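Since the structure comes first, as structure tokens, the remarks are kept for the end.
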Amino acid sequence: MSQKYDEIIKFIIIGDSGTGKSCLLQSFLDGVFHEEQTQTIGVEFGAKVVALSGKRIKLQVWDTAGQERYRSVTRSYYRGAVGVMLVYDTSKLATFESIPTWLEEAKRLITQDVAFILVGNKSDVRSESKVSTNEAAAFAHENNLMFLETSAKTGTNVEEAFMQLGKRAIQMLKGPQGANPPVNAKSNDALVLGGDGSVLVMDDDTERRGKKVCSC
Ligand SMILES: Nc1nc2c(ncn2[C@@H]2O[C@H](COP(=O)(O)OP(=O)(O)O)[C@@H](O)[C@H]2O)c(=O)[nH]1
Ligand SMILES: [Mg+2]
């Protein structure tokens, strides 16, 4: 079923395998955490219509669907993205140390303006080797990224992370003087507008694909 919306924008989620990317997407879409997710429930991407800047914005969020395990996230995955969620696991330092590489890769492959949010997921996990919040915040500040710690398990800050990224992306698309607004997509599910003006063609069947991507 397609919901009515004014504009549609593409987000992508990147970061090391096991950081909770698929769970974050699932939690955002459904508002629940699937601890024992079966192999068929995961999605490669999902969409949700949200109210932002007085408009109904369809956030179409792409999940790497396991490609990230082999560091083989394709160029087409990045194409047209106006928002990037960079995810690390707050209880695993190595996943935070990978963030600069993911950021460079995204900047290299996305040629248009794009908004970034750094997300430290699994904030519910108590760990002695927890990634320092201050250090992550400092990295985010230096690199002009927004930053939030989330838990896909409890739902803490999940909605906020997507909404903040949405707000920043919309502001960016509109430009400082409201110039360069995204073309209205009306209620046509077949178009995804990229920040570079590219149009990706979708059909309703691809709206939510049932492949194994989340083991949460
Ligand atoms: N405690 C906790 N576990 C999580 C959270 N998010 C994901 N997980 C678990 O982390 C594992 C990897 O999650 P998944 O979404 O498949 O990671 P992905 O490889 O980045 O897509 C699964 O076992 C999840 O149950 C979270 O916020 N808290
Ligand atoms: Mg996944």
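The values are calculated or read from the model by the stated rules, or taken from the named source; none is laboratory data. Since the model is a prediction, treat every value here as computed from it, not as a measurement. Reconstructed Cβ throughout: ideal geometry from the backbone, glycine too, with neighbour counts over all protein chains shown.
Values as computed for the structure displayed
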quantity: Segment 129-156, residues that are crowded, with 20+ Cβ neighbours inside 10 Å and in a loop (DSSP other than H, G, I, E, B); calculated: Val131, Leu145, Thr150, Ser151, Ala152
quantity: Long-range neighbours under 7 Å by Cβ, at least six apart or interchain, first residue basic (Lys, Arg) within segment 151-180, second part of a loop (DSSP other than H, G, I, E, B) and modelled with pLDDT of 95 or more; calculated: Lys153/Asp124
quantity: Residue check, Ala161 buried (at least 22 other Cβ atoms within 10 Å of the Cβ) and assigned to a loop (DSSP other than H, G, I, E, B); calculated: no
quantity: Output for segment 53-83, where each listed residue is within 16 Å of ligand 2 (Cβ to nearest atom) and either under 28 Å from Asp124 (Cα atoms) or of a type in the set (A, V, I, L, M, F, W, C) (or both); calculated: Val61, Trp62, Asp63, Thr64, Ala65, Gly66, Gln67, Glu68, Arg69, Tyr70, Arg71, Val73
quantity: Qualifying positions in segment 111-143 - modelled with pLDDT under 95 and more than 25 Å from Ser27 (Cβ to Cβ); calculated: Thr111, Gln112, Asp113, Glu128
quantity: Positions within segment 132-162 being among the β-branched types (Val, Ile, Thr) and within 16 Å of ligand 2 (Cβ to nearest atom), in sequence order; calculated: Thr150, Val158
